[in-house]
Amino acid sequence: MKQIALDISLQPGPSLQNYLPGDNGQALQHLKLWLESSRRAPVPTYLWGPSGSGKSHLLRAVANALQAQGQSFGWIDADCTEPGPFVPEWRAVLFDDVHRYSIVQQHAAFNWFVHASAPGREPCWILAAGDTPPADLAVRDDLRSRLGWGHVFALQALSDAQRRAVLLQQAQARGLTLSSDVVDYMLTRFSRDLGHQSALLDQLDAYALQTQRAITVPLLKSMLDDLS
């Protein structure tokens, strides 16, 4: 298999600005207001919805924004097999894919939740995301109840037209031009999950640079042949 090196520096990271909200404008505005506020409420926020609704994008966007502000925060996702202890300097804790948490991860998340909500300390915001409403999460009862007591937003997956708009927006951010037949091919022949589509676009961008060819359906097919 031929390896195609990706230029990570050319990949725009998740941000609230490059998130296409579709029907999720209320959740996006809530996150923007929290990040822009000088007096941040500690009330937790929980985002839920199907794959492709942008939950992880929004959590990573918040993480990137906090980092840009010089704020420290904690992060647990399903790949963090052994989360560390809570750090008092954190101003937020972010829990992604909570529906996939192991017993160890659930224990750590509950511990962080307790410390973040402790009276007498600086406010520490909790932002979490999963694929079901809080009441339906298959996690320990005390964690489930805490995830559901604050702001809860149900995210909707994007329509086909909105998915196309996201791909075109991401291509423009990379300085690329995608024709309608390339977008159609990407959306009909591959997973419609936007994370997968974004990774495919990254590979296509790198391959076009490597081969010095314009991005077309034949180029995409050639890249797939080289990777097989």
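Values quoted throughout were computed directly from the atomic coordinates according to the rules given, and no laboratory measurement underlies them. Quantities reported herein were computed from a predicted structural model and do not represent experimental measurements. Heads up, the Cβs are rebuilt from the backbone with ideal geometry, glycines too, and the neighbour counts pull from every protein chain shown.
Counting other Cβ atoms within 10 Å of each Cβ, which chymotrypsin sites (Phe, Trp or Tyr not before Pro) in segment 120-222 have at most 15 and sit in a DSSP loop? Kindly include the intermediate steps, with their values, before the conclusion.
Values: sites: 125, 149, 153, 185, 190, 207; in loops: 149, 190.
Of the chymotrypsin sites (Phe, Trp or Tyr not before Pro), the ones in loops of segment 120-222 whose Cβ has at most 15 other Cβ atoms within 10 Å are 149, 190.
Counting each DSSP H run of 4 or more residues in the chain as -39500 (n - 2.57), what helix-only mean residue ellipticity at 222 nm follows after dividing by all residues, to the nearest 500 deg cm²/dmol?
On the way: 8 runs with 100 residues, N = 228.
Calculated from helices alone, the mean residue ellipticity at 222 nm is -14000 deg cm²/dmol.
For residue 152, what residues show an amide H to amide H distance below 5 Å, using hydrogens built from the backbone and excluding near sequence neighbours?
46
Counting pairs of Cα atoms in the chain, how many percent are more than 25 Å apart? Don't skip to the end; give the middle numbers.
Details: 12051 of 25878 pairs.
Value for the chain (Cα pairs over 25 Å): 47 percent.
Where in the chain are the DSSP H helices whose C-alpha atoms run 30 Å or more along the long axis and whose mean Kyte hydropathy is at least 1.6?
Once both thresholds are applied, nothing remains.
So what is the relative contact order of segment 25-154, in percent, for Cα pairs below 8 Å that sit 6 or more residues apart? Walk me through the numbers before you get to the answer.
Values: 209 pairs, mean separation 45.9, N = 130.
Contact order relative to length: 35 percent.
Evaluate the relative contact order of the chain (contact order divided by residue number), counting alpha-carbon pairs under 8 angstrom at least 6 apart; express in whole percent. Intermediate values should be presented prior to the final figure.
Values: 324 pairs, mean separation 61.5, N = 228.
Contact order relative to length: 27 percent.
So if I restrict to the alpha-carbon atoms in segment 159-227, what is the Rg, and what is Dmax, the biggest pairwise distance, in Å?
11.1, 33
Express in whole angstrom the spacing between the alpha-carbon centres of segment 40-115 and segment 199-228.
After rounding, the separation between the Cα centres reads 35 Å.
Mind running the shape call on segment 25-154? Use the C-alpha gyration tensor, a ≥ b ≥ c as the square roots of the eigenvalues: rounded below 1.5 for a/c, prolate if a/b tops b/c, oblate otherwise. The partial results should precede the final answer.
Details: a/c = 1.42, a/b = 1.10, b/c = 1.29.
Because its axes are fairly even, with a/c under 1.5, segment 25-154 counts as rounded.
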